[in-house]
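Below: one structure, written as structure tokens.
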Amino acid sequence: MAVSTSFNKRVKAKIRHIPGTKPSLYNNQLLVSTGIPSLDAVLGGGLAVGTVLLVEEDLHATYAQLMVKYFLAEGVVSGHALSAASADIDPDQLIQDLPAPIDDVPSRATTTSTEQTEAASQGSGDADNKMSIAWRYQNQPKVQPAPTAQFGHYYNLTKRMEAEKVNGAGIDCLSFTDLLAYEREQPSSPPYTSCRYKCVLHKIRKRIEDGKFSTAVKSGQHNILRIAIHSLGSPLWGDGGSLHNHGEDNQVSLLQFLLALRATLRTAFSVCLLTVPSHLFQDAGTVKRVERLCDTVLRLESFAGSGKAKNPAFRDYTGLLHLIKLPCLNEFVSRMPETLDLAFRVRRKKFTIEKLHLPPELSDTASREQDDPVPSLRPSLGCSSSATRSSKLDF
Amino acid sequence: MFSSVNSFLGFDRGCIGNRECLIIGQNEENGNFVLHQVLSAAVKEKRPVCLVSFVQKFHHYNAVSLKTGVSLQSATEAKQLQFIDGLEELVHTFFPETYQPVTNQENFLDRMKEKLLKSLCCLKEQAHGQPVLVIDDISVFLSMGYHLDEVMMFFKALQEALWFSLDASSSTQNGTTLVVLTSYDQHDRDTWSLWKFLTALSSLDVNVTGLQTGYCKDVHGQACVTWRDSMDAPRQHATKTLQFKLMENGAEFFAAGTSSAVL
């Protein structure tokens, strides 16, 4: 009697390593880095290939733009194909201002070479050296850091990436003038969807087809296509897409575009980073719908211009990071990080994501107690009669 | 593992009953597990299943159901399951490669209805048992710009066709079971109304919500099931609310406040 079973022997797939990627430890998906290693850790290792990351911009939008730069810089360093689009700013200017990677490869090379010369100079006497204390480790092989293709790099915000490196990456830029030119070319378009969204989708599809990024293409070495779209859905994109023309501001074109983008990316070696000015949307329901159509959703809330900047609890941070949605792909339950209280911090050289914690209370209060609030009113009981007492220890 | 969702829904004999209309509502992305479990149970029972998705690709459903021990791939090969990639069809309609007339978009819902009925007819000829139609996220139509009325008309017409036209030829009393997932948000008037309207037409609905106190590692949310009385299948109108915790291959249900983490 033949019993049908869903059990299949797992045949080990041929490993095609793509630079700058790694398989997820949780669900075997191929991941790429966002360029911010601390964000990768929050997202469970990185961004899954074929998904869309949505960043809801903060009120002044500078930090979301910074994340776009990190995302593009990581693509340049990893040798990925890149596309950038924006209606609000010129993407050409954006890519001229990418942060430079902190290059630790030469330093490592020099240290290993010096170690080798030292070992050579010590010669055979080194081999005869018997360990007298930690003798267990005598026969252990010497540890050599394996030269692996690195996943995720660190960047220095004070330096710019070299222009030839950026230009050599061949970044496909799509600016507002390109969008308008496409709109003019279309003679009589159906009125439902804004032409500018169509233009972006058309370009993405063309790029995937030309660069053979589709998963249907079996032959050859694959590469990753990174797509960054800055301020999608801002007023410059123009909505005006409704099946009924009720004149409601409900961003139908944006929603249609997001669904199409998801469908396109699912079958391609590609990831997409979108930043959306959700604070400009009139309808709270629209924001929810936009979030539902993306795979991973983050919201940045900077303290700039809000009362939270003065709050001593937030003294160490630049803003809060809200995890709205984590991807649930090929599994029942999405992996959650250990804490959802996250904040971001921008220092002179770097942008990091950290767990939100309060500053230690001890030092704060201790220093306050020692500071005499009204030192001049107290009668001086000490031996010193001088009025200009610099320290309490002075007599 | 199956039994947890099935027994919660009260399907003690058979997987999802006959001629039921199950509406699954979710306010966050947390009701998917009910859909996956019902889908797996139906496939396991060898009922003909038609799955139409407007949010995910086939690979996703296959990978999830493999965790419950059911292979949708082999069910497709055995002609027991038919997957309709509604996502691709929507995209082809709204973002065509070449210029297409305007009416194409307006008639999308009609064409989709015809397509579903046709594939169900095919399935009925090839497999035994009462068919099951699963629609993943009907609220996507609202996002695409369709009006609430149009989506409701689509659903009502589909239900009528399934229960009255399609089954008129067969002598059995039983009919197709419809399983529909919809996402809603209380701030979004249209999706909220759609969820309310759909429950009014259903015979059974499940409302999956997150906890009001926010995310919790040990309690993923709360599910409320409502059984409605109907003329064909008289039963008690009843509701049941339980909390659940999702696991790698299923869900664990418990009464509110009795999570194993707190007892």
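Here is how the numbers come out for the structure above:
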| quantity | calculated |
| --- | --- |
| Ranked B:Cys122, A:Cys294, criterion: other C-beta atoms within 10 Å, fewest first | B:Cys122, A:Cys294 |
| Shielding by partners, peptide A:280-291 (average Cβ within 10 angstrom, other chains) | 4 |
| Estimated FRET transfer efficiency when R0 is 56 angstrom, pair B:Lys44-A:Met131 (beta carbons, to 0.05) | 0.35 |
| Kirkwood hydrodynamic radius over Cα pairs of segment B:13-217, then Stokes diffusion coefficient at 4 °C and 1.567 mPa s, in µm²/s | 73 µm²/s |
| Ranking of A:Ile324, A:Ile227 by count of other Cβ atoms within 10 Å, fewest first | A:Ile324, A:Ile227 |
| Cβ crowding within 10 Å averaged over residues, with B:45-55, A:92-102, B:140-150 ranked highest first | B:45-55, B:140-150, A:92-102 |
| R0 of 25 Å, Cβ-Cβ distance B:Leu148-B:Glu97: FRET efficiency to nearest 0.05 | 0.25 |
| Mean separation of Cα contacts under 8 Å (6+ apart) over length of chain B, as relative contact order % | 27 percent |
| Rounded FRET efficiency, nearest 0.05, which uses the C-beta distance separating B:Glu106 from A:Arg205 and R0 of 22 Å | 0.35 |
| Within-11-Å neighbourhood charge of B:Ser260 [Cβ basis; K, R +1; D, E -1] | -1 |
| Tilt relative to chain B, helix B:189-201 - C-alpha long axis, 0 to 90 degrees, to 10 | 90 degrees |
| Label-to-label distance, nm, for residues given as A:Thr267 and A:Asp316 (7 Å Cα→Cβ offset) | 4.9 nm |
| Entries of A:Lys69/A:Lys203; A:Lys325/B:Lys115; B:Lys67/B:Lys196; A:Lys22/A:Lys218; A:Lys288/B:Lys57 with Cα pairs more than 29 Å apart | A:Lys325/B:Lys115; B:Lys67/B:Lys196 |
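Taken together, the values in this text are just the output of simple stated rules run on the coordinates, not laboratory data. What you see is a predicted model; the values in this text were computed from it and never measured. All Cβ positions, even for glycine, are placed from backbone atoms using ideal geometry, and neighbour counts span all protein chains on display.
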